[in-house]
Amino acid sequence: MKFARVIGNLVATRKTDGLDGVKFLIVQPLDAQRQPQGEVYVAVDATQQAGMDELVFVIASKEASFALPVEYVPVDAAVVGIVDDVDDRPLYNADSMAWKVFLKQAE
C-alpha cells in the first residue's frame, strides 16, 4: 500500500462489465514524507467515499481488483482507505530509561 493524494475525478461514459457505479479518481503518489513523487495515475475508489484533496492509500496490481464488489475486473490500482491521521513519531525514544531496559546486556 502506498500513500496518494486525490487530485481529480475521471468520468467515463462507457466501462467494462463489473465497473458500473465505480468511481475513478486521479491520484498523485506520495513519498514517506507525503510529498509528491512520480506520475499521477487513475485508481478506482473501492471505498466509494474518497474525495478531492484527501490523503488515501492505494493498492496496485492484481490485488486492486479484489477490493471491488466484482473481482477480476481489469484495474491496475484501487483506493482502499482514507487516511484520517498519520502518527510518524519514532516508536521509541532512544534516551528513554524504559527503552534502555530492553537494551541491557546480559551479564
At 4 °C in a medium of viscosity 1.567 mPa s, the stretch 2-103 has a Stokes-Einstein diffusion coefficient, with Rh taken as the Kirkwood radius over alpha carbon pairs, in µm² per second, of 85 µm²/s
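With an 8 Å cut-off on Cα pairs and a minimum separation of 6 or more residues, tell me the relative contact order of the stretch 2-103 in percent. Mind dumping the intermediate values first?
Values: 186 pairs, mean separation 25.4, N = 102.
Reported as a whole number, the value is 25 percent.
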For the stretch 1-58, what number results from the quotient of the Cα radius of gyration and 2.2 N^0.38 Å?
1.14
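Every number in this text was worked out from the coordinates using simple rules, so none of it is lab data. Source: prediction; values computed, not measured.
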